[in-house]
Structures are given as structure tokens and as C-alpha cells.
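Asker: Quick one: the structure is below, questions incoming.
The values are calculated or read from the model by the stated rules, or taken from the named source; none is laboratory data. Quick caveat: nothing in here was measured; it's all calculated off a predicted structure. Because the Cβ atoms are built from the backbone with ideal geometry, glycine has one as well, and the counts that use them run over all protein chains shown. Protein only, heavy atoms only, side chains kept; ligands, DNA and RNA dropped before computing areas. Shrake-Rupley method; radii C 1.70, N 1.55, O 1.52, S 1.80 Å.
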Amino acid sequence: MKTECVIRSAFFSGKRRYAQHITNKEGIEVDEVDIKGLDFMKSNFPPVFGKFFKNCLEQVLKGVPKPEIDAQLLEFRKKILSGERPLESIGNPQAVKKLNKFTERKARAGEMFSSIGKGAPAAVKAAIIYNDLLRFWKLDKKYNYITQGEKIKWIYLKNNPYRIEAIAFLDYDIPKEIRTFIEKYADRQKVFDSILLNKLEGFYNDLGWALSLNPHRNKFFNF
């Protein structure tokens with residue numbers, strides 16, 4: 001009989017969702033990590049977060065201890081919150097396929113925002129708001145509106161004068177005025193927590209490691 005492969009360690013998250021560290025394949029020594037179906041590989045997962053998660057997973061499979069992973073997570077978090085990572089790298093990538101369906105009524109003269117239908121996905125709401133802001137600031141003659149089916153990125157915002165919770169943008173065609181507005185009010189903490197930290201919490205739990213989302217209960221996130 002011929003050995004197909006030898007696995008040193010593996011992580012299983014469900015059916016067809018796993019990662020394994022292969023050290024021997026068909027009698028030949030190798031050092032490979034095979035990953036299938038995990039959430040960070042999806043197209044709507046920002047690549048900068050996906051790359052970090054993948055790197056952590058590979059290190060865990062190869063025996064890197066928890067304190068080292070924790071230290072890397074802290075350092076990565078600082079880079080996200082400090083603005084070292086640009087907007088384009090942390091925005092949620094998504095296609096807005098139902099833009100027309102949820103635009104109930106476009107903003108009239110003197111109004112800033114359109115009426116958005118109930119049940120609109122977050123990305124669709126963010127795209128409609130971007131278009132409204134583009135028009136309101138009279139930037140629509142120079143820059144493109146987000147259109148039905150277009151691939152966009154969107155990001156959560158902190159409290160701002162327009163009470164916008166999230167806004168979309170086209171990373172290849174973003175006005176300076178809107179970029180400045182987003183950079184000022186981008187809620188990088190919420191982005192980090194909702195995209196990466198929530199996924200890492202499940203991963204840590206599977207490993208039997210402790211990771212708290214509440215900075216008041218865990219000094220790990222108390223700077």
C-alpha cells in the first residue's frame with residue numbers, strides 16, 4: 001500500500017471546512033498547509049484580514065504557542081486602529097445586486113438622503129448613501145455613481161454630522177472630499193471587531209483558548 005499523505009496537525013470547523021499541515025505526500029517530505037472552506041477565504045472577507053487569519057492558522061498548525069499569536073494580534077490591531085492600513089484594505093468587499101429594489105424614492109430638491117426600503121442589506125444602504133452624498137456635494141458630474149450589480153467596498157462610521165452608520169465607496173474612483181470624510185469618521189474598532197475578532201473568537205474557542213470581546217473583562221485588549 002502507498003501512503004497518500006501524512007498530516008502533522010489539523011483543524012476542522014465543519015463539513016468541508018478544515019485546515020491541515022501535511023508533512024509527507026506520497027512518500028515525499030513536504031511542508032504544506034491545505035485549507036478548504038473557511039470563512040476568511042470568502043470573497044466578501046477583506047484580504048488584509050483574511051491574510052492575517054490565514055497566517056495565524058498556519059502558525060497554530062505548526063505549533064506556535066498562544067502568547068506569540070496574541071502578540072501578533074495586538075500588533076495587527078494597533079495597525080488597523082491607527083489608520084496604518086488604508087480604507088481600501090479594510091472595507092467590506094461586496095456586490096450590490098438589489099440597489100434599485102431598495103431605493104424607494106430618490107432624494108428630492110432640498111433633501112439629502114433617499115428613502116431606503118425596509119430590509120435593505122447593509123451594503124445596499126451604504127451604496128445608496130454614497131450616491132446621495134455624491135449628489136448633495138455636487139460631485140456627481142466628475143465621479144461615478146455606484147450602479148446596480150457593481151462591486152463596492154463599505155465601512156462602518158462613528159458618530160458624524162449626517163448620522164450615517166455606514167457608507168460604500170469605489171476604491172478606484174473615490175472623491176477626495178468623501179475620502180476625507182470617511183477617514184475622519186471610519187469606525188475602525190467596529191470594523192476590526194465585526195470582521196476579524198468575531199471569527200478569531202470562534203477559532204480560539206475551538207482551540208480551548210480564551211479571547212474576550214469585552215475590553216473591560218479582559219486585559220488583553222485594554223491599552
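Asker: Is it true that some residue in the range 29-42 is in contact with a His (Cβ under 6 Å, 6 or more places away or on another chain) and not hydroxyl-bearing (S, T, Y)?
Answerer: If we filter the range 29-42 for residues that are in contact with a His (Cβ under 6 Å, 6 or more places away or on another chain), which is where we start, we get 33.
Keeping just the survivors that are not hydroxyl-bearing (S, T, Y) gives 33.
Checking the range 29-42: at least one residue is in contact with a His (Cβ under 6 Å, 6 or more places away or on another chain) and not hydroxyl-bearing (S, T, Y).
Asker: Here's another thing I want to ask about it. Take Y204 and tell me if it is among the hydroxyl-bearing types (S, T, Y) and open to solvent by less than 30 Å² (accessible area, probe 1.4 Å).
Answerer: yes
Asker: Would you mention how many residues in the range 190-200 are open to solvent by 10 Å² or more (accessible area, probe 1.4 Å) and either among the β-branched types (V, I, T) or in contact (Cβ under 8 Å) with a residue 40 or more places away in the chain (or both)?
Answerer: 2
Asker: Pick from the range 1-15 the residues that are hydrophobic (A, V, I, L, M, F, W, C) and more than 29 Å from D193 (Cβ to Cβ): which of them is surrounded by the fewest Cβ atoms within 10 Å (Cβ to Cβ)?
Answerer: Kept after step one, since they are hydrophobic (A, V, I, L, M, F, W, C), are these residues of the range 1-15: 1, 5-7, 10-12.
Add one more test, that the residue is more than 29 Å from D193 (Cβ to Cβ), and what stays is 1, 5-7.
Values: M1: 3, C5: 15, V6: 14, I7: 13.
Within the range 1-15, the match that is surrounded by the fewest Cβ atoms within 10 Å (Cβ to Cβ) is M1.
Asker: Output the residues belonging to the range 16-34 that are open to solvent by 60 Å² or more (accessible area, probe 1.4 Å) and part of a strand (DSSP E or B).
Answerer: R17, K25, I28, E29, D31, E32
Asker: Test of understanding: among F45, F53, which residue is over 23 Å from L170 (Cα atoms) and surrounded by 12 or more Cβ atoms within 10 Å (Cβ to Cβ)?
Answerer: On the way: F45 fails: over 23 Å from L170 (Cα atoms).
Step by step, each of F45, F53 is checked, and only F53 is over 23 Å from L170 (Cα atoms) and surrounded by 12 or more Cβ atoms within 10 Å (Cβ to Cβ).
Asker: So, in the range 37-61, exactly how many residues are on the phi < 0 side of the Ramachandran plot and in contact with a strand residue (DSSP E or B) (Cβ under 6 Å, 6 or more places away or on another chain)?
Answerer: So the count comes out to 5.
So that you can scan it fast, the table gives a plain yes or no per residue for (1) touching a Pro at 6+ places or on another chain (Cβ under 6 Å); (2) at pLDDT 95 or above; (3) within 16 Å of P93 (Cα to Cα):
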{"residue": "G117", "(1), (2), (3)": "no, no, no"}
{"residue": "A126", "(1), (2), (3)": "no, yes, yes"}
{"residue": "N131", "(1), (2), (3)": "no, yes, no"}
{"residue": "G149", "(1), (2), (3)": "no, no, yes"}
{"residue": "K153", "(1), (2), (3)": "yes, yes, yes"}
{"residue": "I164", "(1), (2), (3)": "no, yes, no"}
{"residue": "I167", "(1), (2), (3)": "no, yes, yes"}
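Asker: Output the residue which, of all residues in the range 54-85 that are touching a helix residue (DSSP H, G or I) at 6+ places or on another chain (Cβ under 9 Å) and among the aliphatic types (A, V, I, L, M), is nearest to K158 (Cα to Cα).
Answerer: My answer is L81.
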